[in-house]
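Q: Supplied in structure tokens, the structure appears directly below.
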Amino acid sequence: MHTMKKTLLLLTFLCSTFVFAQEKTEKHPQDIDKTKELKVNALTLIAGKWIDISYEYLIDNESSFGTAITINTDTSESDLNFSITPYYRRYFSEKYARGFFVEGFGMLFSARDNSLFTDNINFETGFGLGISVGGKFVSKKGFTTEILLGLGRNLIKSQHTDGIGRIGISLGYRF
């Protein structure tokens with residue numbers, strides 16, 4: 001009976017070692033030694049005429065931080081002049097830094113001060129904090145697609161710019 005227990009224990013150990021070894025070798029190529037992403041927000045480029053480029057550094061399989069820079073190419077169309085948005089993300093998936101995420105962000109921005117009673121076009125600078133939710137999808141070759149929606153509040157006193165937002169459908173590459 002002792003021999004059977006030892007044999008069963010040895011088989012269990014070998015099987016578990018084989019399963020864990022297989023798990024490590026079956027990682028997708030986009031998860032191996034790739035900790036950086038570069039993305040362009042296609043939605044804001046098409047709908048808002050804003051160039052919105054993001055760089056993201058993957059800390060581990062559950063978190064990352066990055067910065068988005070947005071520049072308005074046509075200030076007659078929208079109020080935003082530019083923004084710089086650092087962010088921190090937490091991913092809620094078993095896969096490496098993809099799937100559903102929650103993001104905390106800060107935004108330094110310049111926007112048109114829209115007053116109904118004057119014809120002056122002034123830009124004001126603001127800083128806000130907010131939260132976003134989204135999802136990221138990564139192909140086996142490392143191409144990324146991301147959907148994002150976020151809201152925040154301007155912390156600098158302003159008569160016309162109380163809320164801030166982030167919206168996007170971004171395309172990028174993980175390297």
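Q: Report the FRET efficiency, 1/(1 + (r/R0)^6), for Phe123 and Ile147, where r is their Cβ-Cβ distance and R0 is 30 Å, rounded to 0.05.
A: E between Phe123 and Ile147, to the nearest 0.05, is 0.50.
Q: Further question: Please work out how much accessible surface Phe143 shows to a 1.4 Å probe, ignoring ligands, DNA and RNA, in Å² rounded to 10.
A: Number for this one is 120 Å².
Q: Also, quick follow-up: Describe numerically, in nm with one decimal, the distance between label points set 7 Å from Cα along Cα→Cβ at Asn81 and at Ser139.
A: For Asn81 paired with Ser139, the spin-label model returns 3.9 nm.
The values are calculated or read from the model by the stated rules, or taken from the named source; none is laboratory data. Keep in mind the model is a prediction, meaning the values are calculated, not measured. Heads up, the Cβs are rebuilt from the backbone with ideal geometry, glycines too, and the neighbour counts pull from every protein chain shown. Surface areas here come from the heavy atoms of the whole protein model, side chains and all, with no ligands, DNA or RNA. Shrake-Rupley method; radii C 1.70, N 1.55, O 1.52, S 1.80 Å.
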